[in-house]
1. What residues of region 218-250 lie in the reach of a label at R190, counting those whose backbone N is under 20 Å from a point 7 Å from the Cα along Cα→Cβ?
2. Kindly work out what percent of the DSSP beta bridges joining two residues of the chain are antiparallel, to the nearest 5.
3. Length gain on complete extension for the stretch D85 to E281, per 0.36 nm per residue less the alpha carbon to alpha carbon distance?
4. How much length is gained if the chain between K168 and R103 is pulled fully straight, taking 0.36 nm per residue apart and subtracting their Cα-Cα distance, in nm to one decimal?
5. Kindly rank 253-260, 183-190, 151-158 from highest to lowest mean number of other beta carbons found within 10 Å of each residue.
6. Could you give the C-alpha radius of gyration of region 191-245 expressed as a fraction of 2.2 N^0.38 Å, taking N as the number of residues it contains?
7. What Kirkwood hydrodynamic radius, in Å, does region 2-286 give when the mean of 1/r is taken over all pairs of distinct Cα atoms and then inverted?
8. Where does each of 130-140, 206-216 land if you order them by average Cβ count within 10 Å, highest first?
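FYI, it's all coordinate maths here, none of it is from the lab. In this text the structure is predicted, and so the values were computed from the model without any measurement. Methodologically, a virtual Cβ is constructed for each residue, glycine included, from the backbone with ideal geometry; neighbour enumeration extends over all protein chains shown.
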Amino acid sequence: MKLDVLLIGHLDKGRIVRGNEASDFVGGAVYFGGIVLARLGLEVGVVTRLARGDSWMLDELRREGIEVFPIYTSESTGIENVHPDPHSDRRRCYFLGFAGTFRPEDLPEVEAKLYYVGTVMAGEVDLGFLGTVASRGPMALDPQGCLRRRVGRELVTGEWPEAEEALKMVRYLKVDDREAAVLTGYEDIRRAAEVLSAMGPKEIVLTHKEGVLVFAGGEFHEAPFRPRDMAGRTGRGDTCFASYLGRRLLGDPPGEATRFAAALTTLKLERPGPFQGSLEEVWALMEKL
């Protein structure tokens, strides 16, 4: 089997608490990102680990035409995202469950133009597994989970001791502004992007509450997020990275892909769940950003 993108990561059987309202949801990079890539017309596969009783979480991916390769475990990964201020970009994350570490034998015998590893929490991947993925072809990495450590029940962004070795294997790297600061020591996002690029990745995609910054080929590209509402905050980074990667695979230069990713992410931010808009809406919004 040949694919454009093989995504690897845990699904998140999660819960969102926004102010006084709570709701269950499905999340994770393979969910938010996989659906975006499929809607861009790419051939997409997802490798994930979850409890057999939660296999219903795979249904929406299959409806989008995504090839799914599940590994069944004793429990599914889950995170509770708490937004004390319903309109704030900030959130606190709490542990609900963990589906275990990926192993090389979890990878299916498929060929892909790009291997996208999107982590949810620490322990999901290790250096050996990342090395196996990178040996197959170009790798995109969202290390959010590698930096998200348990402190009691809370998940907090902390150090990633293996970062230096891991980033040497990466072609495309996605971080947000807080993760970039932890990895580099720099609060200035442009300086942080340059430092991250020097560690190995060829293209850096850095999201923050105002928009997205890309550093590629020694040049910076920026575009804003301008949502009318933040109801769809969860999945912002996954959506932005996937839409950027998708347009790069389809032939867009970095600057054009950056603008497309910002427009699509703006529309996603206005509604909970994965991106539900049309590509026509994205193209129209791009002209206004």
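1. Counting backbone N atoms under 20 Å from the label point, the list is 218-225.
2. Values: 30 of 62 bridges.
Roughly 50 percent of the DSSP beta bridges within the chain come out antiparallel.
3. Fully extending the segment from D85 to E281 adds 67.7 nm.
4. Details: separation 65, 0.36 × 65 = 23.40 nm, distance 2.00 nm.
Taking K168 through R103 to full extension adds about 21.4 nm, to one decimal.
5. 253-260, 183-190, 151-158
6. So the Cα radius of gyration is 1.20 times the expected 2.2 N^0.38 Å.
7. By the Kirkwood definition, the hydrodynamic radius is 18.5 Å.
8. Ranking, from highest mean packing down: 206-216, 130-140.
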